[in-house]
Amino acid sequence: MKKIPLLDLKAQLDTIREDIYAAVHRVLESGHYIIGPEVKAFEEEVAAYIGVKHAIGVANGTDALQLALHAAGIGPGDEVITTPFTFFATAETVSQLGAVPVFVDVDPKTCNIDVDQIRSKINERTKAIIPVHIFGQPANMDEIMAIAKEHGLFVLEDAAQAMGSEFKGVRIGGLGHAATFSFFPTKNLGGYGDGGMVVTNDDELARKIRILRVHGSNPKYYHSMIGYNSRLDELQAAMLRIKLRHLDAWNDARREKAALYDELLKDVPVVTPHHAENRKHIYHLYIIQAEERDELMEHLKQHGIASGVYYPVPLHLQEVYKELGYKEGDLPVAEYLSKRTFALPLYPELPEEDIRFIVQTIRDFYAGKQ
Ligand SMILES: *Cc1c(COP(=O)(O)O)cnc(C)c1O
């Protein structure tokens, strides 16, 4: 039986293998492995790509969030508003700094934070908002920045899933006060290991993050802050530089494949992803909703098709956050989505015939239920 994976990283390597091997060779022979010329060049290339002044490479997307929040002064006693429908790291980093994540329910169509519910959660302890451009679809940044301005809040975009997405024709990453990216292998721009980046137009914030990533030191061995060991290494940067050149074409391929799914799934009883107006969604994941999700996923599995649940438990109901006092029913949209959403295979090299086979398999499932 033919197997269709959720994501095929080897298929992508096949298209760039020679360049990647040459980059690895170049770095190994250079004798420079941590924060050297490749990281510097990659930072400049990402800053130019996003259209911001500063890009700072760090060890992973989680550290990118934590260093940005730390540099912005978030700490004990502070509250940070975010979405419960995201990967755990978004809230985890807030907690790591001793601050409290405050969860606001999401919009049922975009799965992004519901901007109409943010204001009611703001109080004198609120210091920041972290919108997440979930699955590659930008959050409503106009509204979020307007609210932040009214209340003097710091806005950190968690853009781990959205490199190359656009909001009103502008690449996301420069709309908030800072934004973070992850280069985990499965992300749209993924390395061959861990990596992350913070981007910002704020000189002071960038300066602090550069110090924080090297144990709070500047110059070396002179420590002005308690920092981290959180650096992007030369090998990852060199390989990511090659992949960055392909990112737009890969994102376009994702969008074409997503459009084909949309078209083929039109008369099938599943909900296809909503594409909000004035936004370029780059489909980090192609997420559909189905009433009989688990049964449908099992049916796909039996036909060799992988799928995955993003995310099975919204963050306000995670065991570790019991102490925050949320209960089932508090954030009904996120809870509803967590029971219905799942990802179908999608990656730039996914053959069109595979998409047709996947949709036919879904059709067969519903035909069998009648
Ligand atoms: C992947 C991801 C992160 C964490 O990035 P890592 O590089 O794995 O640390 C944070 N937020 C979101 C929304 C993510 O998808």
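The values are calculated or read from the model by the stated rules, or taken from the named source; none is laboratory data. Predicted, not measured: the structure shown is a model, and the values here were computed from it. As a convention, Cβ positions derive from the backbone with ideal geometry for all residues, glycine included, and neighbour counts pool all protein chains shown.
Just a few scattered comments:
- For the range 75-117, the set of residues classified as over 15 Å from residue 157 (Cα atoms) and among the β-branched types (Val, Ile, Thr) consists of 100, 102, 104, 106, 110, listed by residue number.
- Restricting 38, 44, 79 to residues that are of a type in the set (D, E, K, R), at pLDDT 95 or above, more than 12 Å from the ligand (Cβ to nearest atom) and in contact with a Pro (Cβ under 9 Å, 6 or more places away or on another chain) narrows the list to 79.
- Matching residues in the range 74-95 - criterion: being part of a loop (DSSP other than H, G, I, E, B) and within 16 Å of the chain's Cα centre (by Cα): 83, 84, 85, 86, 87, 88
- Selected residue (criterion: farthest from the ligand (Cβ to nearest atom)) from residues of the range 60-73 that are in a loop (DSSP other than H, G, I, E, B) and in contact with a strand residue (DSSP E or B) (Cβ under 6 Å, 6 or more places away or on another chain): 72
- Residue in the range 338-345 that is buried (at least 18 other Cβ atoms within 10 Å of the Cβ), closer than 20 Å to residue 110 by Cα, of a type outside the set (Asp, Glu) and in contact with a Gly (Cβ under 8 Å, 6 or more places away or on another chain) present: yes
- Considering residues of the range 171-187 that are near the ligand (Cβ under 9 Å from one of its atoms) and part of a strand (DSSP E or B) only, the residue farthest from residue 138 (Cα to Cα): 182
- Close pairs (7 angstrom Cβ cut-off, 6 or more residues apart or separate chains): on the phi > 0 side of the Ramachandran plot in the range 285-308, in a strand (DSSP E or B) and modelled with pLDDT of 95 or more anywhere: 304/4
- Top-ranked residue in the range 156-170 [being assigned to a strand (DSSP E or B) and surrounded by 22 or more Cβ atoms within 10 Å (Cβ to Cβ); ranked as nearest to the ligand (Cβ to nearest atom)]: 158
- Residue in the range 305-320 that is over 19 Å from residue 111 (Cβ atoms), outside any helix (DSSP H, G or I) and not hydrophobic (A, V, I, L, M, F, W, C) present: no
- The residue pairs whose first member lies in the range 59-83 and is closer than 28 Å to residue 193 by Cβ, whose second member is of a type in the set (Asp, Glu) and buried (at least 22 other Cβ atoms within 10 Å of the Cβ), and whose beta carbons are closer than 7 Å, counting only pairs six or more residues apart or on different chains, are 65/158.
- Checking each residue in the range 96-115 for being part of a loop (DSSP other than H, G, I, E, B), out of contact with any strand residue (DSSP E or B) (no Cβ under 6 Å at 6 or more places or on another chain) and away from the ligand (no atom under 12 Å from the Cβ) picks out 97, 98, 105, 107, 108, 109, 110.
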